[in-house]
1. Looking at the stretch B:10-29 only, could you name the residues that are within 21 Å of residue B:208 (Cα to Cα) and either within 14 Å of chain A (Cβ to nearest Cβ) or open to solvent by less than 70 Å² (accessible area, probe 1.4 Å) (or both)?
2. I need a count of the residues in the stretch B:177-192 that are open to solvent by 20 Å² or more (accessible area, probe 1.4 Å) and modelled with pLDDT of 95 or more.
3. Please determine whether any residue of the stretch A:166-173 is open to solvent by 10 Å² or more (accessible area, probe 1.4 Å) and out of contact with any strand residue (DSSP E or B) (no Cβ under 9 Å at 6 or more places or on another chain).
4. Kindly evaluate residue B:5 against the criterion of being small (Gly, Ala, Ser), within 24 Å of residue B:226 (Cβ to Cβ) and without any contact (Cβ under 8 Å) to a residue 24 or more places away in the chain.
5. Before we move on, is residue B:104 charged (D, E, K, R), out of contact with any Cys (no Cβ under 7 Å at 6 or more places or on another chain) and more than 20 Å from residue A:106 (Cα to Cα)?
6. Just to be sure I understand the filter: pairs with C-beta atoms under 8 Å, separated by 6 or more residues or on different chains, first member in the stretch A:111-133 and without any contact (Cβ under 8 Å) to a residue 60 or more places away in the chain, second member open to solvent by 20 Å² or more (accessible area, probe 1.4 Å) and polar (S, T, N, Q). Which pairs pass?
7. In the stretch B:129-155, how many residues are under 17 Å from the mean Cα position of the chain (by Cα), surrounded by 18 or more Cβ atoms within 10 Å (Cβ to Cβ) and of a type in the set (D, E, K, R)?
8. Residue by residue through the stretch B:89-117, note down the ones that are among the aliphatic types (A, V, I, L, M), open to solvent by 30 Å² or more (accessible area, probe 1.4 Å) and away from chain A (no Cβ under 12 Å).
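The values are calculated or read from the model by the stated rules, or taken from the named source; none is laboratory data. What you see is a predicted model, and the numbers here were worked out from it, not measured in a lab. Glycine gets a Cβ as well: all are built from the backbone with ideal geometry, and neighbour counts include every protein chain shown. These accessible areas exclude ligands, DNA and RNA; they are computed on the full protein's heavy atoms, side chains included. Shrake-Rupley method; radii C 1.70, N 1.55, O 1.52, S 1.80 Å.
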Number of protein chains: 2
Amino acid sequence: MSIDSLRITAGKHFQLKDFDPAAKPCTTGSKAGDKERVDALSIELDLLQDKLYAMRSKRLLIVLQGMDTSGKDGTVRGVFRAFDPLGVRAVSFKAPTANELARDYLWRVHLQVPAAGEIVIFNRSHYEDVLITRVHGWIDADECTRRYRQIRAFEEHLVENGTTLVKCFLHISKDEQKKRLEERLADPLKHWKFDPKDLEERQYWDAYAEAYEQAIAATATPEAPWYVTPADSKSHRNVAIADILLHTMTAMKLAYPDPLAGLADIKVT
Amino acid sequence: MSIDSLRITAGKHFQLKDFDPAAKPCTTGSKAGDKERVDALSIELDLLQDKLYAMRSKRLLIVLQGMDTSGKDGTVRGVFRAFDPLGVRAVSFKAPTANELARDYLWRVHLQVPAAGEIVIFNRSHYEDVLITRVHGWIDADECTRRYRQIRAFEEHLVENGTTLVKCFLHISKDEQKKRLEERLADPLKHWKFDPKDLEERQYWDAYAEAYEQAIAATATPEAPWYVTPADSKSHRNVAIADILLHTMTAMKLAYPDPLAGLADIKVT
């Protein structure tokens, strides 16, 4: 399967430069074909989610990370709309509130993990606590290493207790970000998406790339893999994420439960 | 200090039978003296808690565990009333709700950890997930070992992120439990405390003792120590817990912050 080349399950030899943001390993060959493919996958994903919801025992957590403009919101909109909102919840982590800062950094994250039968998408996540914090020197290298260990232990705990965990890094190039920021400035309908802070953070592009590389290398495990998803093309990105979801949910061995096999004998009078 | 003999920081040679539930290492020599001592300690503890609250950076979590009738409620009432309710919160963990069972067993526990400046008392805790569950065979030995590891990682994470953690096992004898259950049956004012289930659980006394011994041995660390607190005598138990708190909070190096040393120069007009 074409997503296999994107999956990182061990950090030892991981280098971000080995991954091309413009690659299209999952494409059907055309943009129109990719869109059709996402529509087709959506039908399969919807069915799988219905089974997950019916089983009420397993849980799925998807972490979306990526540079500004990498398409996290667009992925939620473009791929996760396939699912019934009853069983899906998107959680956006912004700058922590005073109430959140008063606890350890995993507190607000643990609070939002999926319940049995639920799919939760983290739009940003606890990884910000080893990314923006590291880039701006709010934490030092020792604290960052400690957090990698804490995050590995936390994710291991979630997985051992019945949560399937997939982490997707939406990988764009610096040029593509420039294009998208310019679009936001040029198009009045996209003005609301423009944040002057994005220009400031763009100055730290290389530091972010390094922080991502280190974080992915330190936290990629067979149980909590990262997918370095080429995201310069939005339509390809959506195919890739839908493929990753299909692969992940298929491996979850979802099936409708039948607690009362004799239910068919019951008469409604 | 007399509480040193009660502190377990490594499980290697820990055996519950080495600890006498009727011992009184912290006593002043008389019941009246012990009560006076708790009153005196309360004044010191109140001051320390005020500093903790003013600092708004450190956190204190006290886990209370013990067999039925071991005096967990009585300890909260007898010792923790020393503190200002503004900065103290007691959390009782009962049988998990459907909503709690839909997440991993540490979810509801993490949710309740202390905020900066806060003292939280867990009246029962995540340890129930390796005690009652183990005694009744709801989890097997492998799962229990996994949970010990998960609990160690979770507690290490809390401590590394600024929480001071103390775990107290209120250690009573089987005879003392008999006496206390009979009192609850005989005294109309204590009837409300009697739960027929306590008699059922009493049949598993030895299994509980073994589960406690294993859990304490598996999770005692220098950073998250257990105190095996003799609790056959209620007045001695209170002295011991107050001593443990004083020792713990003294080690936290609490002090009023002075962010504006020049504050005295400000004139209120």
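1. Answer for the stretch B:10-29, where residues must be within 21 Å of residue B:208 (Cα to Cα) and either within 14 Å of chain A (Cβ to nearest Cβ) or open to solvent by less than 70 Å² (accessible area, probe 1.4 Å) (or both): B:10, B:11, B:14, B:16, B:19, B:21, B:22, B:23.
2. Of the residues in the stretch B:177-192, 2 are open to solvent by 20 Å² or more (accessible area, probe 1.4 Å) and modelled with pLDDT of 95 or more.
3. Checking the stretch A:166-173: at least one residue is open to solvent by 10 Å² or more (accessible area, probe 1.4 Å) and out of contact with any strand residue (DSSP E or B) (no Cβ under 9 Å at 6 or more places or on another chain).
4. yes
5. In short, no.
6. Here the result reads A:115/B:99; A:123/A:92, each pair linking the stretch A:111-133 to a residue that is open to solvent by 20 Å² or more (accessible area, probe 1.4 Å) and polar (S, T, N, Q).
7. Qualifying residue count for the region: 2.
8. Result: B:90, B:95.
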